[in-house]
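Single-structure report; data block below.
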Amino acid sequence: MSKARFGGRKSLGIFQAKQYCPSKYTSMILNPIMLWDLTRVITKWVLCITLSPIFRRSLGQVCKIFFLAALFLSSDRNYGNYETFYPVIGELNFLAKEGIQIKTADGPVQVHFALALILGDNVGINSLIGMVDSFRAHYFCTGCKEKNENTICQIEENSALLRNRVNYAEDVRTNNYSETGVKEECVWNRVYSFHVTEGVAGDPMHDHLEGVCHFDFCIIIQQCIAKGYFTLNSLNATIICFDYGCHDIGSRPPMIRQEHLDKGKLHFSAAEMMCFTTIFGLLIGDKVPEDEPGWRLYILLKETLDIVLAPSVLEGSSDLLEALIREHHSLLVEQFKVNLKPIHHFSVHYPRLMTQFGPPRHFWCMRYEGKHRPLKQIANATTSRRNLPYTVALKHQLQLNARLMSNKGLESEVKSGPSSELPRHSLNRVRHLNFLLKTDKVFHVPWVEISGLVAVQMGVVP
């Protein structure tokens with residue numbers, strides 16, 4: 001029933017892991033995913049090695065390969081977290097202390113792994129680490145000890161109330177979750193070099209794309225309609241007629257219904273909400289005045305998402321993000337007279353999380369949620385329901401082996417159009433690029449794609 005993920009060790013964190021480096025630690029992702037199958041719920045755990053963005057470019061899609069760690073029914077959680085997860089905990093400790101030996105051109109190298117982060121949706125994380133799993137509790141946040149009644153108007157993080165090893169140990173000894181929010185000591189503290197107060201981060205997909213964005217857009221759209229800037233029918237017509245292009249056509253948002261606005265929850269997936277947030281200004285920008293509070297709220301939301309979902313950020317971006325979140329929350333409380341939701345409280349921690357772990361996009365759950373479909377296909381194609389987790393796990397491992405044996409995802413990320421070798425004398429035209437070329441041959445191509453980036457009219461490819 002939970003969803004979590006991730007890993008790293010010491011000062012290496014998430015983005016500083018070295019591949020094939022002796023006595024260094026490579027970070028891992030740990031993510032349990034729920035799989036609904038008829039009346040049963042299967043919880044699947046996967047491990048994924050995470051490397052720096054530089055290594056990701058060079059290794060292609062290998063970093064997107066998921067390694068199955070555990071597969072069990074949700075009813076197995078009735079035995080408690082430790083009884084359920086101790087096999088995974090034992091494996092993580094083995095990988096951290098003993099590691100694995102990798103054969104390289106320079107000889108065998110011992111590679112160690114360590115758990116750095118556990119990520120996922122908030123309810124699943126709370127249940128996983130032994131905290132209260134209800135947002136109505138007095139202390140529902142995994143990152144701080146702010147009271148529930150104070151979070152409805154909180155616009156910035158209170159550093160004095162952050163959870164740490166000392167106050168967490170006191171909360172465990174108190175053994176009263178209504179006063180502390182801690183139901184039991186986190187079983188993942190048994191993992192070598194990991195502590196729950198230092199290894200849990202938010203997920204932009206659940207907190208923003210499936211949380212704050214829904215709340216804000218319902219307010220913005222309803223207010224603009226009430227003021228006569230546009231109607232719901234005209235907005236839906238604009239959504240249908242908008243030219244999404246080849247990249248966003250698969251994520252185009254559906255039509256908006258009034259009952260969804262009334263409930264404060266649009267019927268959008270995370271990908272559809274990300275697309276809708278991007279194009280919303282183009283859809284209604286010519287109809288809404290610039291001094292409209294709803295338009296200002298949208299601009300703050302868009303600027304916040306631009307930073308949170310950026311693959312890389314500049315130094316100081318966390319300060320800008322903190323200012324944007326503060327202004328965004330203040331506008332909701334003072335101008336729109338609404339109480340902030342728990343999802344708004346989670347967002348105030350993102351500037352600190354960005355400083356500690358890097359761009360939040362690198363530890364969101366979007367790719368892990370995409371793991372639902374293939375596993376559901378396996379479960380639905382299986383007629384037998386006896387020991388279904390074993391069947392799903394076996395087929396998953398067979399698919400993984402086939403992928404590794406075929407080198408899928410390990411091929412070069414450099415692709416190009418039809419090439420023609422240029423004459424030798426043409427090298428004089430590219431003499432200034434000689435330091436990049438490892439060969440005397442030069443080819444002309446109409447286009448080239450490197451790590452997903454396409455360039456047209458490129459004249460030189462080594």
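Please treat every number below as a calculation from the coordinates, not as lab data. Not measured: the values here are computed from a predicted model. Quick reminder, even Gly has a Cβ in these numbers, built from the backbone with ideal geometry, and neighbours come from all protein chains shown.
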Notebook entry, point to check: Along segment 368-375, what does the Karplus equation 6.51 cos²θ - 1.76 cosθ + 1.60 (θ = phi - 60°) give for ³J(HN,Hα), rounded to whole Hz, x for Gly and Pro?
Noted result: 6, 5, x, 6, 4, 4, x, 6
Next item on the list: Would you please give the residues with an amide H less than 5 Å from that of L115, counting only those at least 5 places away or on a separate chain, with H modeled from the backbone geometry?
Entry: G8
Check: Taking θ as phi - 60°, what are the ³J(HN,Hα) couplings along segment 263-277 by the Karplus curve (6.51, -1.76, 1.60), each to the nearest whole Hz, with x for Gly and Pro?
Finding: 7, x, 9, 6, 8, 10, 7, 5, 5, 5, 5, 5, 5, 5, 4
Item checked: Separation of alpha-carbon centers, segment 141-216 and segment 233-250, rounded to whole Å -> 39 Å
Margin query: 5 Å is the cut-off here: which amide hydrogens, built 1.01 Å from N in the peptide plane, fall below it relative to A69, excluding neighbours closer than 5 in sequence?
Written below: W45, V46, L47
Notebook entry, point to check: Ranking S347, S193, S178 by Cβ neighbours within 10 Å, fewest first, what do you get?
Noted result: S178, S193, S347
Check: Among 131-138, 204-211, how do they line up from the highest to the lowest mean number of other beta-carbon atoms within 10 Å?
Finding: 204-211, 131-138
Note to self: Need the full-extension length gain, R373 to T355, defined as separation in residues times 0.36 nm minus the C-alpha distance. One decimal, nm.
What the structure shows: 3.1 nm
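Quick one: putting +1 on the C-beta of Lys and Arg, -1 on the C-beta of Asp and Glu, what dipole do you get for segment 204-363 around its Cα centre, in Debye to the nearest 20?
Dipole magnitude for segment 204-363 comes out near 420 debye.
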Next item on the list: Going by C-beta contacts inside 10 Å, put M366, M405 in order with the fewest on the left.
Entry: M405, M366
Notebook entry, point to check: By counting other Cβ atoms within 10 Å of each Cβ, how are I299, I219 ranked from fewest to most?
Noted result: I299, I219
Next item on the list: Assign one of three labels to segment 132-183, namely rounded, prolate or oblate, based on the Cα gyration tensor with a ≥ b ≥ c the square roots of its eigenvalues; rounded applies when a/c is under 1.5, prolate when it is not and a/b is larger than b/c, and oblate otherwise.
Entry: oblate
Margin query: Contact order normalised by length for segment 132-183, with contacts defined as Cα pairs under 8 Å and 6 or more residues apart; what percent is it?
Written below: 41 percent
Next item on the list: Any aspartates and glutamates with Cα under 19 Å of the K376 Cα? List them, leaving off those in the same chain fewer than 8 positions away.
Entry: D37
Notebook entry, point to check: Of K145/K302; K371/K395; K145/K341, which sit over 19 Å apart, Cα to Cα?
Noted result: K145/K302
Note to self: Can you compute 3J(HN,Hα) from phi for each residue in segment 395-407, using the Karplus curve 6.51 cos²θ - 1.76 cosθ + 1.60 with θ = phi - 60°, rounded to whole Hz and x for Gly and Pro?
What the structure shows: 5, 5, 5, 5, 5, 5, 4, 5, 5, 5, 5, 8, 6
Next item on the list: Could you pull out every residue, at least 5 positions away or on a different chain, whose amide H is within less than 5 Å of the one on F443? Hs are placed 1.01 Å off N in the peptide plane, and Pro or chain starts have none.
Entry: L422, V461
